[in-house]
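What follows draws every value from the coordinates through simple rules; no lab data is involved. Quick caveat, the model's predicted, so the values are computed rather than measured. Neighbour counts run over all protein chains shown; Cβ positions are idealised from the backbone, glycine included.
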Amino acid sequence: MKFDIVCIGHVLYDIRCYVDDFPSPDKLAVIMGRLKSGIGGSTANSAVTASKLGLKCGLIGKVGFDEYGWSVIQSFRNYGINMDHILVDFSNPTGVSLITVDKGGTPEFVQMIGASEPISPEEIRPEYIGTSRHIHMTGLNMEALLKSSEIAKDFGKTVSFDPGRKKSDLGYKKLMPVLKNVDILFVNQSEAKSLLGADHDAEITGVMKKLRERIGADKTYVAKGGYRNLLVYSPTGDFWVSPFNVMVVDTIGAGDAFDGSFVTAFIEGKDFEDAALYGAACGSLKCECEGAQSGPSKSKLKTFIEEKRNEIEIESVP
């Protein structure tokens, strides 16, 4: 079996509730509507996005031998994602995220990693990665990230990596064994500063330039902006893209939707400007809906970009 993309990282079960405002200590927040649930974990969200946009996807992750794990696997199958490399931990429960979302769409998380980590290097099958055109990695134990990226490079595959908050806090020096195998690095602006070890108020363009200098000029660096400008630094040119204007309901998984759609465009041979537009549009559309897998179909994404393209600015970064 051949894949367009194989994603590796945490696989979680999300339980979500929506409130007007987050509760202060010893105060009550009333849930609006019912509790919601579904697949979670950054790599899972990106895989679902890529599958909805037409890619043939495989997934490397681990769940527990329990009801949540079974539910996650069934949901992936419904999205058409291959489950041949889902690992089962018979000792630990499936990882769970408890998420509260306020009326502005901002989430707060309480998370149990559970069975999701660690994945040992011995558990990763090289042939599974070798049958894919590209692998996308998210925050996971270093041994698994290093092994996966090395296998991908041995097979001549391209690699993207979104380290997330926890791994970015380690700094680029500790991540260099993995980063040297990466072709596309995704971070948000806060993570970029953590990765470099820069001050919170450091200017983001300077941070991104220093990351490129210290990690390598042969890679592409993407700083997701949310409501701010998106920055892309690549061997073919540096530019920023203004954000799409949408009504925000829920930002859970928006960055993961960005990653999945950017990589989809990259795999399909689009240039980085088009890939950035794909990513920004897909992440924005996801924000209009509840849940981490509520990104658009390929046709809806294409229509949205066509309708909004004239509203978006793309400029070179000096």
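Odds and ends about this structure:
- Estimated FRET transfer efficiency when R0 is 35 angstrom, pair ASP26-GLU306 (beta carbons, to 0.05): 0.10
- Gaussian network model of the chain, Cα within-10 Å springs - most flexible of TYR18, TYR227, TYR278: TYR227
- Taking the centroid of alpha carbons for each part, segment 5-39 and segment 99-153 are 20 Å apart.
- The modelled label-to-label distance between LYS2 and SER37, using points 7 Å beyond Cα along the C-beta direction, is 3.9 nm.
- Residue-averaged 222 nm ellipticity for the chain, from DSSP H runs of 4+ at -39500 (n - 2.57), nearest 500: -11000 deg cm²/dmol
- Relative protection proxy for 282-292, 173-183, from highest mean packing down: 282-292, 173-183 (other beta-carbon atoms within 10 angstrom).
- Integer Hz, Karplus 6.51/-1.76/1.60 couplings in order for segment 4-19, x for Gly and Pro: 6, 8, 10, 9, 9, x, 6, 10, 10, 10, 8, 10, 10, 9, 10, 10
- Seen from ALA47, the other residues with C-beta closer than 13 Å to its C-beta sum to a net charge of -1, counting Lys and Arg as +1 and Asp and Glu as -1.
- Here, segment 216-318 is characterised by an Rg to Rh ratio of 0.95, where Rg is the alpha-carbon radius of gyration and Rh the Kirkwood radius.
- Prolate/oblate/rounded label for segment 1-132 (Cα gyration tensor, a/c 1.5): prolate
- Gyration tensor verdict on segment 7-49 (Cα atoms; rounded if a/c is under 1.5, prolate if a/b is larger than b/c, oblate otherwise): prolate
- Zone of HIS200's modelled label, taken as backbone nitrogen in segment 128-167 under 18 Å from a point 7 Å along Cα→Cβ: 165-166
- Intensity falloff of the chain expressed as log10 I(q)/I(0), Debye formula with alpha-carbon point scatterers, at q = 0.13 Å⁻¹: -0.93
- As a rough guide to protection, the peptides 218-224, 133-139 ranked by mean Cβ packing within 10 Å, highest first, stand as 133-139, 218-224.
- Peptides 81-91, 307-317 ordered by average Cβ neighbours within 10 Å, highest first: 81-91, 307-317
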